[in-house]
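Single-structure report; data block below.
The values are calculated or read from the model by the stated rules, or taken from the named source; none is laboratory data. Nothing here was measured: the structure is a model prediction, and the numbers come from that model. FYI the Cβ positions are ideal-geometry reconstructions off the backbone, even for glycines, and counts take in every protein chain you see. Heavy atoms of the whole protein, side chains included, go into the accessibility calculation; ligands, DNA and RNA do not. Shrake-Rupley method; radii C 1.70, N 1.55, O 1.52, S 1.80 Å.
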Amino acid sequence: MNKEENTYYKNSPKFGRKGPSKLRQQFNRGMTYFLVIVACILVYFAMLRVEAISNTLSKILAILKPVLYGCGIAYLLNPIVKSVDTYLVPVLEKHMKKEKAKKVSRSIGVIVALVVLITVVSTLINMLIPELITSIRNLIFTLPAQINQLVKEINNIQLDDSTTTAVLKNAMNEASASLQKWMRTDLLDKVNEVMTHLTVGLYTLIMEMFHAVIGVIVSVYILFGKETFINQSKKAAYAIFPAERANLLIHIAVKTNEIFGGFIIGKIIDSIIIGILCFIGTSILKMPYAMLVSVIVGVTNVIPFFGPYIGAIPSAVLIALADPMKGIYFLIFILLLQQFDGNILGPKILGNSTGLSAFWVIVSILLGGGLFGILGMLFGVPTFAVVYYIIKLLLDNQLEKKKLPTDSDCYNGDSYVDNDGTYFQKRDDGAETEEQKIEKNKEEKGE
């Protein structure tokens, strides 16, 4: 897709075209009724077999998981490939034919993207795994001593013989008895259950890593053939739908790519910067587990709004186990860091990539998280932004047909649309515009 085509599809599509003949309209109406009846019958039988259909779809998605991974990896690496093509193609065209220059540039771009991917993943693994092992080992050795120290401090507290003291002592005795009973009876079963979950989780992790490796291979083929896939999709759209609807679908696809690309890439860059700043701050404050905490904060920061709190709470608990006061300092530091991210860094990087207000961002995160978990919280915002844009596009189209303004600010308390469909907007002094007065006088004279 060249630059002119891309500009064409980014513009809002024009609705409406010359209507078909009356005979054609009657035929289309009859076919519509027929298709609605067929669709209702199919939906009825689908509802009867919803479990079988769900299981089949789950199996298909499980089989195609490497392809889905490949599509996601290719989408993330595509900006690197595009940047290399933009720089190299003009240089290589001076020394070779245009088609060969594109192939050579694409090969170099894919190699550079893979090198960046491998470097980032290797760096994260080398930083995270040793730190995680060290943190777990320190917790195993220090946590029992910290609990014993806490119990000693509680026992050393001098309490009077009041009713409150008796209640606290009884509660502590009951808690201690319950803990001892649980350790004698249920602890072994819980350990076996945890070991079973660990075994299953390890197998799942290995399989996901295997799918991810295959996904990297698939992403290479996608990056090499992305123009072919785009051309085939456009061809199918124009073959199946009328030109007006095909242009609308392509416009929505371009807008979806723009929203998702701007949001996801911008959020990744923003999270990397926040992770680095967190590591610098925790290192200066000499907090324990600086690398592990910074990775947790950076990764969870990808989730809008709630992500910083999701990462900060367990990180603060982890630090507080080693030093309670530093856990409090960490919460204050994270609060300041997130204020910097939300008010300065985030808007600079993301801008208005989604077009959603803060209210709709919260709604999309809650809805996506409630339906699809962590992935829903991550992709809920751009998905909701696409739906919001489509609804706005359709509403604006209907307003344009009625020759009404499409700006929401035009529908404030001082504006109205009369029964004839004429829009009126009062000025700040309460008077109507001259054009509206003339139109109103003409109507009165006509009456």
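Of the candidates Thr256, Thr300, Thr282, the single residue that is open to solvent by less than 10 Å² (accessible area, probe 1.4 Å) and polar (S, T, N, Q) is Thr282. Within the range 56-71, the set of residues being farther than 20 Å from Ser219 by Cβ and surrounded by 11 or more Cβ atoms within 10 Å (Cβ to Cβ) comprises just one member, Thr56. Residues of the range 234-243 that are surrounded by 13 or more Cβ atoms within 10 Å (Cβ to Cβ) and in a helix (DSSP H, G or I): Lys234, Ala237, Tyr238. The helices (runs of 4 or more DSSP H) found wholly in the range 1-71 and carrying at least 1 residues that are modelled with pLDDT of 75 or more occupy 22-48, 50-63.
The set of residues from the range 318-354 being open to solvent by 40 Å² or more (accessible area, probe 1.4 Å), in a loop (DSSP other than H, G, I, E, B) and more than 21 Å from Leu292 (Cα to Cα) comprises Gly351, Asn352. If I filter the range 211-231 for residues that are aromatic (Phe, Trp, Tyr) and modelled with pLDDT under 90, do I get at least one hit? Within the range 211-231 (the criterion being aromatic (Phe, Trp, Tyr) and modelled with pLDDT under 90), the answer is no, since none of the residues qualifies. Ile80 meets the conditions (1) touching a helix residue (DSSP H, G or I) at 6+ places or on another chain (Cβ under 6 Å); (2) modelled with pLDDT under 85; (3) surrounded by 13 or more Cβ atoms within 10 Å (Cβ to Cβ) in every case but one. The failed one is (2). Restricting attention to the range 353-378, the residues that are under 21 Å from Ile272 (Cβ atoms) and without any contact (Cβ under 8 Å) to a residue 40 or more places away in the chain add up to 1.
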